[in-house]
1. Any idea which residue in region C:48-79 is farthest from the other protein chains (Cβ to nearest Cβ), counting only those that are in a helix (DSSP H, G or I) and more than 23 Å from C:T102 (Cα to Cα)?
2. With (1) open to solvent by 20 Å² or more (accessible area, probe 1.4 Å); (2) touching a helix residue (DSSP H, G or I) at 6+ places or on another chain (Cβ under 9 Å); (3) at pLDDT below 90 as the list, and A:A210 as the residue in question, which single condition is left unmet?
3. Go through region A:218-239 and count every residue that is in contact with a Ser or Thr (Cβ under 9 Å, 6 or more places away or on another chain) and among the aliphatic types (A, V, I, L, M).
4. Between A:F52, A:F83, which is over 19 Å from the mean Cα position of the chain (by Cα) and either open to solvent by 10 Å² or more (accessible area, probe 1.4 Å) or modelled with pLDDT under 95 (or both)?
5. Please go through region D:15-41 and pick out each residue that is small (G, A, S) and out of contact with any Leu (no Cβ under 6 Å at 6 or more places or on another chain).
6. Take region C:102-132 and flag every residue that is of a type in the set (S, T, N, Q) and crowded, with 24+ Cβ neighbours inside 10 Å.
7. Considering every residue within region B:43-65, establish whether at least one is at pLDDT 85 or above and touching a Gly at 6+ places or on another chain (Cβ under 6 Å).
8. Just give me the residues in region B:112-122 being open to solvent by 10 Å² or more (accessible area, probe 1.4 Å) and either part of a helix (DSSP H, G or I) or of a type in the set (F, W, Y) (or both), in sequence order.
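The values are calculated or read from the model by the stated rules, or taken from the named source; none is laboratory data. Owing to the predicted nature of the structure, the values given are computational and were not obtained by experimental measurement. We place every Cβ from the backbone using ideal geometry, glycine too, and count neighbours over all the protein chains shown. Please note that ligands, DNA and RNA were not included when accessible areas were found on the heavy atoms of the full protein model with its side chains. Shrake-Rupley method; radii C 1.70, N 1.55, O 1.52, S 1.80 Å.
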Amino acid sequence: MSVTEPKTQPKRPSGFWSYANPVKFLALSERILPTLWWLSVICLAVGLIWGFFFTPDDFRQGSTVKIIYLHVPSALMAINAWFMMLVASLIWIVRRHHVSALAAKAAAPVGVVMTLIALVTGAIWGQPMWGTWWAWDPRLTSFLILFLFYLGYIALWEAIEDPDTAADLTSVLCLVGSVFAVLSRYAVNFWNQGLHQGASLSLDKEENVADVFYFPLLVAIAGFVLLFLALVLYRTGTEIRLRRTRALLAREARL
Amino acid sequence: MSLAVTDLCVARGGVPVLTGISFDLAAGQVLILRGPNGSGKTTLLRTLAGLQPPLSGQIEGAEDQIAYAAHSDGLKSMLSVDENLTFWAQVFGRKDIDAAIEAFRLGELRRRLAGTLSAGQKRRLGLARLLVTGRPIWMLDEPTVSLDVDAVAMFARAVRAHLAQGGAALIATHIDLGLDDAQVLDVGPFRASPEDLAGASDEAFL
Amino acid sequence: MKALLARDLALALRAGGGFGLGLAFFLIVTVLVPLSVGPQSELLARIAPGLLWLGALLACLLSLDRLLALDWEDGTLDLLATSPLPLEAALSVKALAHWITTGLPLVLAAPVLGVLLNLPAPGFFWLVISLLLGTPALSVIGSFGAALTVGVKRGGLLMSLLVLPLYVPTLIFGAEVARRGAVGMETQTPLLMLAGITLGVIAIMPFASAAALRVNLR
Amino acid sequence: MPDLGKYADAVLSSYAASLVLLSLLVAITLYQGRKARRALEAVERKGNDRG
């Protein structure tokens, strides 16, 4: 009665979704990670060195304009990392691919560091520009709130022992958090208007920066994107290994 | 009213504990679950009650039919016996609690706060809760813990009365309840082998 | 649903139910503020709307861990999940009970505490209105945090970490209404935003909370 | 070294802080990755020895 019938091998998904299999994912990431590391280092080095040494000063902001090569890419990645976590959480909820949930977990600390860099460089830039380390500028405030969201997300992952429960709960939090993060963004915009004028100098000048600043900035952004990808791939691999270790130990305990 | 379970596989913490469980439970029948601690009886009951999804297999006829009673009775110590029972009756869309009070001889305790009851009295109150739900299938996880001999007999009578009215019961217990026509399901042979991980969350990583 | 509401209210009012703790906390915080920032009445009048909002928010937060934890420990949530009452409804009712026992007293106490902080006369009306509109959202968002962390032992601190960022939009618009009202500015826009948030949250949040609770009950 | 003018402190400290944060992240990531790899290998080896 207790004999289980021999199961027919379930059809393996092919194409993109086949990389949702942890083993295949690990093999793939092993193959492309070295290239990715090198590319990101090269792009970062080129972009930052170009920006730091070979671009002129801005006529209003002076040499502080060089900070945009760090600030803009990290701010972009801070938001994109959360967006990537949102997509990964949705994939986990809908298709229940473990790699997806672990990728979201792996991306969170990277997002935190990106947010932190954006905040720190923003504050340092604001010091000479606004005469104060911290102004409750809507953008800076939004990033501070995003930072809090990241902390909560990571804390929830850490607090729950069962990996599937943790993946489910953090996914729900990520979804709800995304809605509230957008709401907060609007709320903060509204809130600061009422108090004082917006900053006379905006930190994000992508739209109207001159080409001299624009091209090294693009290279730096590419570097940050590649570094983010490399870090997330590598960290996802780490999470998969930890999870596999756990599964093996659990099986051993049952034998 | 009947419960049909086909080739059910249940998991605890992402690991299968019982597989290939099949049984039918018709009106008037009682099924006793036996098996050592940790064999998955509680997990099976929780799955049947709809608290957790099965890994595979079908459960038919469980929807809105089950009154579940676990180790903790969901009693509030700052509410009286009456209030506790009335609350659960209302949640299940019913009013009458007298029959339940009667069956578990709680009449003298009606005004007492549940927090002041002894462990056995609390347990009786928890079991009386089953009666007020009006649900046909009782699923009981070790219902006789902290009950004395008299109270166990009281409980057995309540089960028999429930069966006589066309109810059914699924009871995980170690002791003999003295129910004559009880079928027994030993979960031991259904324990999942450590290698069998079909559908478990660990499967993808092994 | 009525039964659950009545039970939660009765439990909150009886001994050990914790009713009034939030209120006491609100009072103490309000008393401590002048002690920490100084007694100048102009300064207090200026910061009073925001402080009262923050105090109410924290008082609300503090009482959240009772929202589900007690029912979790004694198995009530298991039994509720197997009852005909959908978890979404059960959680909405529990949030409502939380609001009646915590939020509503805060709203009623706020004008009294406003006197202590020298709140300008036109501000009282708007303070009460904004709290009346905003505190339900705090309770509902809080029930989501409670549902997420109900399975975590000593999850109170974690819950604060999760819930406080979610409180940001409500706090901003709510305090903005009170602040603008106190200085006689128009309050319509933030008031509408606050009402929108509260309504949206009441409509949608119970589904997220129930999803989280189901995961925890597994 | 370009002339950073009166903002030299701001620019240099931005770069220093960012690079420190990034290298910390990379270092921690690599450390955790190596540790996980070693742990997994140990468990896998044990499993292979037995069967």
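1. C:D78
2. (2) is the only condition that A:A210 fails.
3. 8
4. On the way: A:F83 fails: over 19 Å from the mean Cα position of the chain (by Cα).
When all the criteria are applied, what remains is A:F52.
5. D:A16, D:A17, D:S23, D:A27, D:G33, D:A39
6. Within region C:102-132, C:T102, C:S130 qualify.
7. Yes, some residue in region B:43-65 is at pLDDT 85 or above and touching a Gly at 6+ places or on another chain (Cβ under 6 Å).
8. Initial filter on region B:112-122 (open to solvent by 10 Å² or more (accessible area, probe 1.4 Å)): B:112-113, B:115-122.
If the condition is that a residue be open to solvent by 10 Å² or more (accessible area, probe 1.4 Å) and either part of a helix (DSSP H, G or I) or of a type in the set (F, W, Y) (or both), then B:G115, B:T116, B:A119, B:G120, B:Q121, B:K122 are the ones that fit.
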